[in-house]
1. Quick one: how many residues across region 1-46 are among the small types (Gly, Ala, Ser) and more than 16 Å from ligand 1 (Cβ to nearest atom)?
2. When residues of region 151-171 are filtered for being of a type in the set (Val, Ile, Thr) and part of a strand (DSSP E or B), how many remain?
3. Suppose we keep only residues that are more than 18 Å from Arg90 (Cβ to Cβ) and within 14 Å of ligand 1 (Cβ to nearest atom) within region 141-159. Which one would you say is nearest to the chain's Cα centre (by Cα)?
4. Which residue, of Gly225, Gly211, Gly201, Gly231, is within 27 Å of Arg39 (Cα to Cα) and without any contact (Cβ under 8 Å) to a residue 40 or more places away in the chain?
5. Does Ser137 satisfy the condition of being away from ligand 1 (no atom under 16 Å from the Cβ), under 18 Å from the mean Cα position of the chain (by Cα) and of a type outside the set (Asp, Glu)?
6. Which pairs have Cβ atoms under 9 Å, sit 6 or more apart or on different chains, and link a residue in region 9-34 that is in contact (Cβ under 8 Å) with a residue 12 or more places away in the chain to one that is in a helix (DSSP H, G or I) and among the hydroxyl-bearing types (Ser, Thr, Tyr)?
7. Can you work out which of the residues in region 178-199 that are among the hydrophobic types (A, V, I, L, M, F, W, C) and in contact with an Asp or Glu (Cβ under 9 Å, 6 or more places away or on another chain) is nearest to Ser137 (Cα to Cα)?
Amino acid sequence: LELLRDVRAAIEADEFILYYQPVIDLESGSVAGFEALMRWAHPEQGVLTPDRFMAAFEDQDLSLKLGDVAFETALKQMRAWLDAGVEFGRVAVNISAAQFRSGRLAEEVQERLARWGVPCDRLTIEVTETVYMGWASDVVSDTVRKLHAAGVMIALDDFGTGYASLANLRQFPIDRLKIDKGFVQNAEDAAIVKAVITLGGSMGMKVVAEGVEDQDQLEALAAYGCDQVQGYHFSRPMPPERVPGFVDGFV
Ligand code: G
Ligand code: G
Ligand code: MN
Ligand code: NA
């Protein structure tokens, strides 16, 4: 309760910011884009990760407010990078279940993109398997369908940790399948990782491996035909001011 009160005050004080983690395209060897990850720039405790304020994402009202902050912050940042000629590719924003509840998320996102003058094809939305399979699947399906039709890319996050089957998921227009880092990091799950990459490819989705921390993991993923990778091996999530330098220095 105290945490929720503090989060509410911190939203008012603009203490929530986004860090950006690069997503690397293995075929071209270039930066495909960045995932935007929320951080709390706490005045006393420093930069906090979401595990320190997870309860806020579970609160309906606060998770809507944080969702607004994430979108506005990401779009403002993309506008600035576009103006400065920074080749950031696409930015992926994580969406929580609460944000679908209004039934107007697709319209809201398109209004925001238009307001900031950011093209739809600069944005990816990440939705977890649990959200797809959870509350009002038809609302989620309808929303992602509209966004996909407008050119926003749709990524299925944390794939393999929930209970969705690929057969269920065929009703959603999914562009990217993100294999959860748990599978990527466990050598015993190599067969699962391989199978997901093959299956994703045959369903017309690009597959992104999360949590790549070392060269061995990277080489295995490349051998399996994984399309894109993300993880500490390339970079931890970074503050936006480090993005232009990362893009310039990445070969
Ligand atoms: O960075 P990491 O500790 O950065 O993030 C932890 C979890 O918090 C991840 O599951 C991530 O998807 C989630 N998360 C990070 N930023 C956001 C956000 O802006 N919105 C939502 N809904 N979840 C987020
Ligand atoms: O949105 P999602 O649940 O996919 O959030 C990604 C989470 O994974 C974030 O907390 C991010 O900081 C974290 N992360 C990104 N790369 C790595 C990595 O290589 N190793 C580990 N342990 N965590 C990572
Ligand atoms: Mn994510
Ligand atoms: Na994930």
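No value in this document is a laboratory result; all are computed from the given coordinates. Just so it is clear, the model here is predicted, and its values are computed rather than measured. Backbone-built Cβ (ideal geometry, glycine too); neighbour counts: all protein chains shown.
1. Going through region 1-46, the residues among the small types (Gly, Ala, Ser) turn out to be 9-10, 13, 28-30, 32-33, 36, 41, 46.
Narrowing the set further to residues that are more than 16 Å from ligand 1 (Cβ to nearest atom) leaves 9, 13, 28-30, 32.
Residues that pass the stated criteria total 6.
2. Initial filter on region 151-171 (of a type in the set (Val, Ile, Thr)): 152, 154, 161.
Restricting the remaining residues to those that are part of a strand (DSSP E or B) gives 154.
Of the residues in that region, 1 qualify.
3. Looking at residues that are more than 18 Å from Arg90 (Cβ to Cβ) and within 14 Å of ligand 1 (Cβ to nearest atom), I get Asp158.
4. Values: Gly225 fails: within 27 Å of Arg39 (Cα to Cα); Gly201 fails: within 27 Å of Arg39 (Cα to Cα); Gly231 fails: without any contact (Cβ under 8 Å) to a residue 40 or more places away in the chain.
Result of the check over Gly225, Gly211, Gly201, Gly231: Gly211.
5. On the way: away from ligand 1 (no atom under 16 Å from the Cβ): yes; under 18 Å from the mean Cα position of the chain (by Cα): no; of a type outside the set (Asp, Glu): yes.
No: the conditions fail for Ser137.
6. From residues that are in contact (Cβ under 8 Å) with a residue 12 or more places away in the chain, the pairs are Phe16/Thr73; Ile17/Thr73; Leu18/Thr73.
7. Taking region 178-199 as the starting set, the residues that turn out to be among the hydrophobic types (A, V, I, L, M, F, W, C) are 179, 183-184, 187, 190-193, 195-197, 199.
This time we only want the ones that are in contact with an Asp or Glu (Cβ under 9 Å, 6 or more places away or on another chain), so: 179, 183-184, 187, 197.
Working: Ile179: 21, Phe183: 26, Val184: 28, Ala187: 33, Ile197: 25 Å.
The selected residue is Ile179.
Let's see how each residue does on (1) hydroxyl-bearing (Ser, Thr, Tyr); (2) in a loop (DSSP other than H, G, I, E, B); (3) surrounded by 22 or more Cβ atoms within 10 Å (Cβ to Cβ):
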site: Val109; (1), (2), (3): no, no, yes
site: Arg112; (1), (2), (3): no, no, no
site: Arg115; (1), (2), (3): no, no, no
site: Asp121; (1), (2), (3): no, no, no
site: Thr124; (1), (2), (3): yes, no, yes
site: Thr130; (1), (2), (3): yes, no, no
site: Asp142; (1), (2), (3): no, no, no
site: Arg145; (1), (2), (3): no, no, no
site: Ala149; (1), (2), (3): no, no, no
